[in-house]
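The values are calculated or read from the model by the stated rules, or taken from the named source; none is laboratory data. Please read these numbers as outputs of a predicted model, since none were measured by experiment. We place every Cβ from the backbone using ideal geometry, glycine too, and count neighbours over all the protein chains shown. Note: accessible area is taken over every heavy atom of the protein model, side chains too, but ligands, DNA and RNA are not part of it. Shrake-Rupley method; radii C 1.70, N 1.55, O 1.52, S 1.80 Å.
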Amino acid sequence: MISVAGIFGNEMIFQRNKKIKIWGKTLEQKETEKIIVKFKDKEYVAQLNENSWKAEIDECEAGGPYEMEIICGEQVIKFQDILIGEVWFAGGQSNMELALRDSDSGIEEAENADYEEIRFYNVPKVAFIEEDENPKGSWEKAKGEITGTMSAVGYYFAKELYEKLEVPIGIIDCYWGGSSALTWIGEEISEEDEQVYASCQEFMKVINSKTDEQFDKEMKEYNDEWTAWDGRVQKLRKENPDILWEEINEKAGLCPWPQPMGRKSPYRPFGLHETMIMKVAPYTIKGFIYYQGEEDWNRSTFYNKMNTMVIRQWRQDFEDESLAFYITQLPMYMAKGDVDDKNWCVLRDEQMKAVKENDNVGLAVLIDCGEFDNIHPTDKKTPGYRLACQALGKTYGVVKNFDNMYIDKFKTLRNKIRINFKNTYGKINIKGDKILGFEVSETGRAYYKADAILDGDSIILQCDKIDYIRCVRYAWTNYGTVNVYNKEWLPLAPFNE
């Protein structure tokens with residue numbers, strides 16, 4: 001008697017041109033019985049290791065549909081309607097989790113979706129695994145109403161890839177709103193850095209200080225409070241579908257957050273790595289798209305270390321150190337009443353460092369996006385499209401002008417400065433009549449808004465408030481307005497030089 005990992009099912013998509021890993025558990029098996037995987041007229045004998053088994057299918061070109069059989073003695077497990085194409089893992093927290101039906105025009109988009117060859121798998125959201133628990137999800141086709149349950153970012157990413165590559169696209173949705181990067185790594189890798197490990201241990205001290213009964217009691221009280229708050233919010237939304245978060249916060253109160261911490265909390269360090277990542281790894285994939293960081297604003301100064309650990313951990317889990325990893329840089333955000341403490345600026349910069357310091361990592365810049373007082377902007381088409389630009393350019397090479405615009409170098413002439421840029425692709429575009437978002441400084445402490453003019457592939461800044469410009473920054477604010485783009489209307493990335 002054997003079982004197969006929960007991610008395998010009817011209508012799944014396998015990764016093309018790579019060895020395809022199939023695995024599961026051995027429950028009751030005679031020593032003479034082999035485990036055989038049959039796929040595309042070939043047989044593969046699984047390797048056994050204590051209570052588990054694993055097989056590898058040869059590389060295949062895109063196509064299908066196919067069937068697969070897994071045989072052990074008289075037991076036969078059969079899967080149908082399997083396609084071969086490109087498979088991506090969509091991970092992170094709430095902005096990756098936000099469903100298509102909850103995004104701009106998402107209900108209409110889902111109702112009109114009719115993609116036989118775009119399919120997705122929602123990893124079951126499990127906070128704590130009890131003994132012998134093995135929750136399973138299912139692969140779904142992006143056709144009609146069910147498409148609305150898919151990650152909106154994942155959907156638009158998949159749709160763009162499908163249109164450009166013309167092969168089946170699979171998305172593994174794996175996320176949990178409010179999760180720190182610390183929840184998505186294992187304990188062993190956290191020990192490699194003192195700051196990261198110390199941050200994990202802060203949580204562990206709280207967890208170890210209470211019993212499960214205490215945690216359960218705290219969670220009941222929290223859930224009651226949250227349910228009451230959510231009821232007030234839904235009532236306000238029903239009365240006024242266009243109500244802004246500012247008014248919701250005034251009338252319904254602030255969202256109760258964070259949740260209590262305990263041994264069974266999904267927000268404990270290493271938890272979701274155990275309960276979700278390791279339930280689907282090492283499924284054969286092409287790469288990752290990742291939208292996370294909002295929950296780690298108070299750890300912004302060492303976020304690069306955390307982000308890099310996620311990259312390394314997931315590549316290790318999926319048994320391929322070369323897997324592409326595309327990060328969604330946080331957009332503009334500030335809650336009403338907050339002071340612009342620049343934490344989001346620092347975190348965005350740390351995300352940029354992770355791109356520069358790791359191989360095969362890209363960045364989807366969203367500095368022109370975001371909503372004031374709403375940490376969950378409903379435009380998810382833009383991040384999905386920009387993540388797809390990264391993949392189509394860096395991974396597949398089918399789009400030439402795919403990258404964001406970056407600062408290259410600058411030359412100072414006393415109170416003027418000329419800045420040159422990378423990836424203008426021949427033209428700088430400005431939305432509006434006036435260039436916004438640039439600041440300059442003589443000391444690196446006090447900054448002043450700069451007057452900016454476009455001069456070919458350069459921008460010239462001037463500020464009469466200082467004698468000599470030594471420092472320049474762009475979009476260095478938690479929330480504000482920016483409007484500089486390259487020829488492809490991909491934004492200039494924030495910087496502080």
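Points to keep in mind about this one:
- Among the residues listed as 386, 445, 473, the single one being of a type outside the set (A, V, I, L, M, F, W, C) and open to solvent by 80 Å² or more (accessible area, probe 1.4 Å): 445
- Restricting the first member to region 364-391 and to residues that are closer than 20 Å to residue 479 by Cα, and the second to residues that are in a loop (DSSP other than H, G, I, E, B) and among the aromatic types (Phe, Trp, Tyr), the beta-carbon pairs closer than 7 Å and six or more apart or on different chains are 370/333; 370/479; 372/479; 375/333.
- Selection within region 27-50 - without any contact (Cβ under 8 Å) to a residue 24 or more places away in the chain and in a strand (DSSP E or B): 42, 43, 44, 45, 47, 48, 49
- Checked against the criteria, residue 365 does not count as closer than 22 Å to residue 310 by Cα, open to solvent by 10 Å² or more (accessible area, probe 1.4 Å) and at pLDDT 95 or above.
- When we screen 197, 155 for residues that are aromatic (Phe, Trp, Tyr), outside any loop (DSSP other than H, G, I, E, B), on the phi < 0 side of the Ramachandran plot and in contact with a strand residue (DSSP E or B) (Cβ under 9 Å, 6 or more places away or on another chain), the only hit is 155.
- Put simply, of 42, 19, 34 the only residue that is closer than 30 Å to residue 157 by Cβ and open to solvent by 20 Å² or more (accessible area, probe 1.4 Å) is 19.
- Some residue of region 452-463 being assigned to a loop (DSSP other than H, G, I, E, B) and among the polar types (S, T, N, Q): no
- Taken over region 341-366, the criterion of being farther than 20 Å from residue 91 by Cα and either outside any helix (DSSP H, G or I) or touching a Cys at 6+ places or on another chain (Cβ under 9 Å) (or both) is satisfied by 341, 342.
- Candidate set: region 135-153, residues that are open to solvent by less than 80 Å² (accessible area, probe 1.4 Å) and more than 22 Å from the chain's Cα centre (by Cα); chosen: the one nearest to residue 179 (Cα to Cα): 135
- Of all residues in region 262-297, those being of a type in the set (Phe, Trp, Tyr) and open to solvent by less than 10 Å² (accessible area, probe 1.4 Å) number 4.
- Residue pairs meeting the criteria (Cβ under 7 Å; at least 6 apart or on separate chains; first on the phi > 0 side of the Ramachandran plot and without any contact (Cβ under 8 Å) to a residue 40 or more places away in the chain, in region 306-322; second open to solvent by 30 Å² or more (accessible area, probe 1.4 Å) and in a helix (DSSP H, G or I)): none
- Filter pass, residue 189 being in contact (Cβ under 8 Å) with a residue 40 or more places away in the chain and assigned to a strand (DSSP E or B): no
- Residues in region 335-355 that are out of contact with any Leu (no Cβ under 9 Å at 6 or more places or on another chain), within 19 Å of residue 407 (Cβ to Cβ) and without any contact (Cβ under 8 Å) to a residue 60 or more places away in the chain: 346, 350, 353.
- All positions within region 326-340 that are open to solvent by less than 30 Å² (accessible area, probe 1.4 Å) and in a loop (DSSP other than H, G, I, E, B): 329, 330, 331, 332, 335
- The residues of region 5-34 that are closer than 16 Å to residue 52 by Cα and either within 32 Å of the chain's Cα centre (by Cα) or modelled with pLDDT of 95 or more (or both), listed by number, are 5, 6, 7, 8, 21, 22, 23, 24, 25.
- Residue satisfying all of: in region 51-71; open to solvent by 90 Å² or more (accessible area, probe 1.4 Å) and not in a strand (DSSP E or B); modelled with the lowest pLDDT among these: 51
- Whichever residue in region 115-134 is in a strand (DSSP E or B) and open to solvent by 10 Å² or more (accessible area, probe 1.4 Å) and, among such residues, is nearest to residue 4 (Cα to Cα): 122
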